[in-house]
């Protein structure tokens, strides 16, 4: 493992590629492996992250309005700040636009980015424009992180908790791919993911030791969180909170709801490890629902069970995993 990493990465082709890049950079890279980079500036700790949304990979125009494309792209980047409990400050927007792109589309996309920034409490401070073969939206975000929660830090005995309810994005995607219109709530979860910065600060205030956002889905990101701390976990899949529309979709597909929800990516909910003495009554005061879905264990690996019966988690999303 390269010394460039502050947190070990989980498994998969995407992360193998990142490891190879870090090994090539050697001492030219530092602090890799977290949801954000951390920089010291003027006595403050700043969290910085960048995220890409590429047409045909992250979205299709026939599914989303231009404003929704912009909102979703910005929300994905801003979610990285929530993952470390940072307070959003600023966003820089880079756009790759096809020649002749309709100006109304560009303006609506900009409105969506602006709405996402405002909802998170950030302002847009700059960016870049370029010609491209398809629409590309890149967002760099900056936040204050006086008490950052990293991926590293989970300890045996910690409770694993997740915010919100899962499965909405996959429910919407399943409908679109079938040529149908998604359930309204599932569509909103895909197109305009709710910011979780307030929930992140709540978890940080309740001594979260490690945290990650579920951009690759629960099934993948739980492995990344645990790998960072060289620990494992017992995961109780019957406790995974599942959106009602997602449970209905899973039933139509003949798939257990927990499995459907666990493989749903781009959720932008939070997964955190909390000390065992953080009580259920405290979690009930959270600004969004928080469910306890497992416990951290010393032995590496995830041991998932459904009401006491061993089950296998589906793989998480990976950009470079063969289809």
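What follows is calculated from the coordinates using simple rules that are stated; it is not laboratory data. Worth saying up front: this structure is predicted, and the values here are computed from it rather than measured. When we count neighbours, we look across all protein chains shown, and the Cβ atoms used for this are built from the backbone with ideal geometry, even at glycine.
Key figures
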item: Candidates 245, 117, 86, ranked by Gaussian network fluctuation over the chain, Cα under 10 Å, top entry; result: 245
item: Helix-only [θ]222 nm of the chain, DSSP H runs n ≥ 4, -39500 (n - 2.57) each, per residue, nearest 500; result: -10000 deg cm²/dmol
item: Separation between Cα centres of the range 121-143 and the range 213-242, rounded to whole Å; result: 30 Å
item: Cβ-Cβ FRET estimate between residue 281 and residue 52, R0 fixed at 56 Å, reported to 0.05; result: 0.85
item: Residue order, fewest to most beta carbons within 10 Å, for 152, 113; result: 152, 113
item: Pair residue 253, residue 147: separation of 7 Å Cα→Cβ label points (nm); result: 3.8 nm
item: Projected label distance in nm at residue 295 and residue 194, using a 7 Å step from Cα toward the beta-carbon; result: 3.0 nm
item: Cα point-scatterer Debye curve for the range 116-256, base-10 log of I(q)/I(0) at q = 0.21 Å⁻¹; result: -1.34
item: Rel. contact order, % - alpha carbon contacts under 8 angstrom, at least six apart, the chain; result: 22 percent
item: Relative contact order of the range 34-144, defined on C-alpha pairs under 8 angstrom at six or more residues apart (%); result: 41 percent
item: Dimensionless Rg ratio for the range 47-115, taking C-alpha atoms and the 2.2 N^0.38 Å reference; result: 1.15
